[in-house]
Amino acid sequence: MTSALLLGATKGLGLELAREGARRQISPIIYGRSVGNPNAITEAPHGATLHRLDLQSRDSVMQVPLPDQPVAYVLWIAGAFHKAPLEHTDPDDIDLHTDLHFRGPVHFLHRFLRHRLEPFHLVTIGSVSSWRLREDEALYCGLKAAQTAFTRNLAVELARDRPGARVTVVNPGGLNVPTFWEKMPQDLSGFLDPAMVARFVWDSVAEQRGPYREIQIMRPKPAVVGSPPLIEYGPRCPEVLDGAAPRGSV
Ligand SMILES: NC(=O)c1ccc[n+]([C@@H]2O[C@H](COP(=O)([O-])OP(=O)(O)OC[C@H]3O[C@@H](n4cnc5c(N)ncnc54)[C@H](OP(=O)(O)O)[C@@H]3O)[C@@H](O)[C@H]2O)c1
């Protein structure tokens, strides 16, 4: 059975990606902070391998076990929302978000690249926030932009050094994932269904032939429950302040 390593898949979109992969005979290797926590709901698919990993802890990132078998897919998913003016953000939160969204995953990927030398398919779950202009989200949007820019450039190395390697960046719009929005509760009924996004991601991965692909998957606006997502292929030019009000929501 083919394996997929999922970085941040104990809940939300990551868990849906693990479940959908398992339905396609892709055995999930799940990494997440709440693995082993009896209070956390981790309905991992049958047969999944679970590893406790805190991307905000350098020791955890450097010591967590890596797979001994070849891994066909690596999905970089972990993230957390943050919305506040930078001026009012706690300095510790700047470090924690930077570690979660960038430093921790980059160190993990660095370890993984040295550990497994075969080609693999890297799938990065970015966000439309990597190119959108939003109020009070400079830290979150900046880190999602760093994640996607890093992935685009790592694709150059993987294509050169590991023939057959593939890279996909998927930038979703707002997802109906209550855990992600728990600090900012709102009506999520018009947001994208994470199970549908997971199916779309695996379909896109299966049909990809070239070394790199970037996809935007957005919810239609105004929101109409049940209507299909808007799909765009290719990167988006970042929005800039031009006198128009930035968007406050996804
Ligand atoms: N929800 C949206 O509207 C939306 C839209 C666009 C993009 N995204 C992106 O989609 C990705 C998944 O988000 P989601 O909506 O599925 O949110 P979620 O339900 O909150 O899931 C986040 C995942 O990241 C993991 N994680 C968080 N902190 C971690 C840490 N310190 N170490 C290891 N793992 C950690 C969580 O695991 P633990 O709980 O076990 O720590 C969980 O598996 C994120 O990168 C997010 O930026 C989300």
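The ellipsoid that matches the Cα gyration tensor of the stretch 169-229 has semi-axes, each √(5λ) in whole angstrom, of 24, 13, 10, with the longest given first. In the chain, taking the dipole from charged Cβ atoms about the Cα centre, the farthest positive-side position among SER3, SER129, ALA44 is held by SER3.
Reported to the nearest whole Å, the Cα centre-to-centre distance from the stretch 118-153 to the stretch 74-102 is 12. Restricting the calculation to Cα atoms, every distinct pair contributes to the Kirkwood radius of the stretch 27-155, found to be 15.9 Å. Given a 1.4 Å probe and the protein chains as shown, GLU157 ends up with an accessible area of around 90 Å². Normalised radius of gyration (Cα atoms, divided by 2.2 N^0.38 Å) for the chain: 0.97. Across the stretch 2-233, Cα pairs under 8 Å and at least six residues apart give a relative contact order of 18 percent. This model, with +1 at the C-beta of Lys and Arg and -1 at the C-beta of Asp and Glu, gives the stretch 2-233 a dipole about its Cα centre of some 720 debye.
Take every DSSP beta bridge whose two residues both sit in the chain; close to 10 percent of them are antiparallel. Against the chain, whose longest principal axis comes from its Cα atoms, helix 104-115 is set at around 20 degrees.
The values are calculated or read from the model by the stated rules, or taken from the named source; none is laboratory data. Keep in mind it's a predicted model, so treat the numbers as computed, not measured. All Cβ positions, glycine included, derive from the backbone under ideal geometry; neighbour counts span all protein chains shown. Ligands, DNA and RNA are excluded from the accessible area calculation, which covers all protein heavy atoms including side chains. Shrake-Rupley method; radii C 1.70, N 1.55, O 1.52, S 1.80 Å.
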